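Data block below; observations after.
The values are calculated or read from the model by the stated rules, or taken from the named source; none is laboratory data. If you're wondering where the values come from, they're calculated on a predicted model, not measured in any experiment. When we count neighbours, we look across all protein chains shown, and the Cβ atoms used for this are built from the backbone with ideal geometry, even at glycine. Side chains included, ligands, DNA and RNA excluded: accessible areas come from the protein's heavy atoms. Shrake-Rupley method; radii C 1.70, N 1.55, O 1.52, S 1.80 Å.
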Amino acid sequence: MKKRIILGLSLGVLKLLARLPFCILYGLSNGIAFLLEKVIRYRREVIVNNLRRSFPEKSEQEIRQIAKRYYRHMSDLIVESIKLLHISNRQLEEHICVKQADLIERLAADGRSIIVFLGHYGNWEWVQEVTRHYNRPQLNAEVYRPVKDPVNNSIMEAIRSRFDTMLIPQKHVVRTLLRLNNEGKQFLVGFIADQRPNSKNLHHWTWFLNQDTAYATGGEEIGTHLNCHFVYLDVEKPSRGHYVMTFHEMKPSDEFKDQQHPYTLQFLRLMEQTIRKEPAYWLWSHNRWEFDREGNTIQKK
């Protein structure tokens, strides 16, 4: 009962905030960015160390400038996510440009389902807007990692349900997609595939952002098993509150086609290109390189 009350109050406050115009929300975001960077210093060491190791060619001043822009972007992401609780389709269209959505229609014409790889870049909570730009597949799904706190998890589910997509908890993804396939349902499912696997699944490694990096293979393995098409969703942020999302069919190059996981490796190369163009918009506060190949914690330098 207590958790239900807290959830109800929290959602009530957030829905009121979501009614505010963007100009006020971004003013609030400026304040959040200042608190996170200067007062709380939220994961400052993780952010700066990740940037230093990823871009050894950049000066300390450049690294700190990227970190500063990252705090502002992360704060924008917070208020933009809240805005999903009260935003019209027209407003979203003013903020999001979707390109090459006809690719999805063309690929779906053969009846096969589609796996979309994307990363924690730009605003991944607004990515579901792309589902409004094609008619087939009709069933759209998103794989997500539930938040441990039940109240916060319920809030995130409320935010992510804005577009009526199916939310699939990470641990249920294989079972759910197999069931949908067996029922003859064509689907498009998005995998945010740049996260670090947990320390028990550090089996596959590649070179990514100048570092030895473990990667997860679940999206490719289930997609290959179900004979899905693979697509990369590139995200750009040309200005504050505006995003360009572009679909690209994935066709692994000669470098990866003979590898065990060619689509995942191709995704990581495409993701790295996206990040290097505008580094501040990736999730640098995530401890992506916490473990080495033996599962030992890496000493930060």
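Once the piece of chain linking R106 and I298 is laid out straight, how much longer is it, given 0.36 nm per residue of separation minus the C-alpha distance between them? Numbers along the way, then the final one.
On the way: separation 192, 0.36 × 192 = 69.12 nm, distance 4.49 nm.
Contour length minus Cα-Cα distance gives 64.6 nm.
Jot down the per residue volume, in cubic angstrom and as a whole number, of the convex hull over the alpha-carbon atoms of the stretch 111-237. Let's see the in-between values first.
Numbers: hull volume 16.7 nm³, N = 127.
So the per-residue Cα hull volume is 132 Å³.
For Y243, the residues 5 or more places off, or on other chains, whose built amide H falls under 5 Å of its own are I96, C97.
Straight-line cross-link reach from K251 at under 24 Å between alpha-carbon atoms covers these lysines, not counting any fewer than eight positions away in the same chain: K99, K277.
Listed by chain and number, the lysines whose C-alpha is less than 20 Å from the C-alpha of K257, apart from same-chain residues fewer than 8 away, amount to an empty set.
To the nearest 20 debye, what charge dipole does the chain have about its Cα centre, counting +1 at the Cβ of each Lys and Arg and -1 at the Cβ of each Asp and Glu?
Numbers: 44 positive and 34 negative charges, 246 e Å.
It works out to roughly 1180 debye.
Coupling constants for the stretch 224-229 follow from the phi torsions by the Karplus curve (6.51 cos²θ - 1.76 cosθ + 1.60, θ = phi - 60°), and in residue order they are 5, 4, 9, 6, 7, 7 Hz; glycine and proline get x.
If I compute solvent accessible area with a 1.4 Å probe over the protein chains, what percent of it on the stretch 208-301 is carbon and sulfur?
Working: 1880 of 4270 Å².
That fraction is 44 percent.
Restricting the calculation to alpha carbons of the stretch 174-239 gives Rg and Dmax of 14.8, 43 angstrom.
3J(HN,Hα) couplings calculated from phi for the stretch 116-125 with the Karplus curve 6.51 cos²θ - 1.76 cosθ + 1.60 (θ = phi - 60°) are, in sequence order, 10, 8, 8, x, 7, 9, x, 10, 6, 6 Hz; Gly and Pro show x. For GluC sites (Glu not before Pro), the sites in the stretch 109-184 that DSSP calls loop and that have at most 16 other Cβ atoms within 10 Å are E183.
Ligands, DNA and RNA left out, the 1.4 Å accessible surface of the stretch 1-100 is 60% carbon and sulfur atoms. Sorted largest first by accessible area at a 1.4 angstrom probe radius, with every protein chain in place, the residues H204, H133 fall in the order H133, H204. The calculated FRET efficiency for V13 paired with L178, based on their beta-carbon distance and R0 = 35 Å, is about 0.30. For the stretch 133-188, build the charge dipole from Cβ charges (+1 Lys, Arg; -1 Asp, Glu) around the Cα centre, then report which of A141, L180, S161 sits farthest towards its positive end. Among A141, L180, S161, the one farthest towards the positive end of the dipole of the stretch 133-188 is L180.
Would you mind giving the average projected area, over all directions, of the Cα convex hull of the stretch 187-301 in nm² with one decimal?
Numbers: hull surface 34.4 nm².
Hull-based average projected area comes out at 8.6 nm².
Shape analysis of the chain based on the Cα gyration tensor places the equivalent ellipsoid semi-axes at 28, 26, 19 Å, largest first. When Rg and Dmax are taken over the Cα atoms of the stretch 139-192, they come to 11.7, 35 Å. If R0 is 25 Å, the Cβ-Cβ spacing of H204 and D254 corresponds to a FRET efficiency of close to 0.80. Computed from phi, the 3J(HN,Hα) profile of the stretch 156-163 under the Karplus parametrisation 6.51, -1.76, 1.60 (θ = phi - 60°) reads 5, 5, 5, 5, 6, 8, 4, 10 Hz, with x in place of Gly and Pro.
Suppose we keep just the DSSP beta bridges with both residues in the chain; what percent of those would be antiparallel, to 5?
Details: 13 of 34 bridges.
Percent antiparallel among DSSP bridges in the chain is about 40.
Of the cross-linked pairs K68/K148; K171/K200; K38/K68; K148/K171, which ones have a Cα-Cα span greater than 21 Å in the structure shown?
Working: K68/K148 28 Å; K171/K200 14 Å; K38/K68 10 Å; K148/K171 14 Å.
Cα-Cα > 21 Å for K68/K148; rest within.
For the stretch 112-179, the carbon plus sulfur part of the accessible surface works out to 48%, probe radius 1.4 Å. In this structure the chain gives 51 Å² per residue of accessible area when probed at 1.4 Å with all protein chains present.
Ordered by packing density, taken as the mean number of other Cβ atoms within 10 Å over each peptide's residues, highest first, how do 77-90, 211-224 rank? Walk me through the numbers on the way to the answer.
Values: 77-90: 17.2, 211-224: 19.1.
So the peptides 77-90, 211-224, ranked by packing, come out 211-224, 77-90.
Near the amide H of S113, within less than 5 Å, lie the amide hydrogens of F187, H229, all on another chain or at least 5 residues away, with H placed in the peptide plane.
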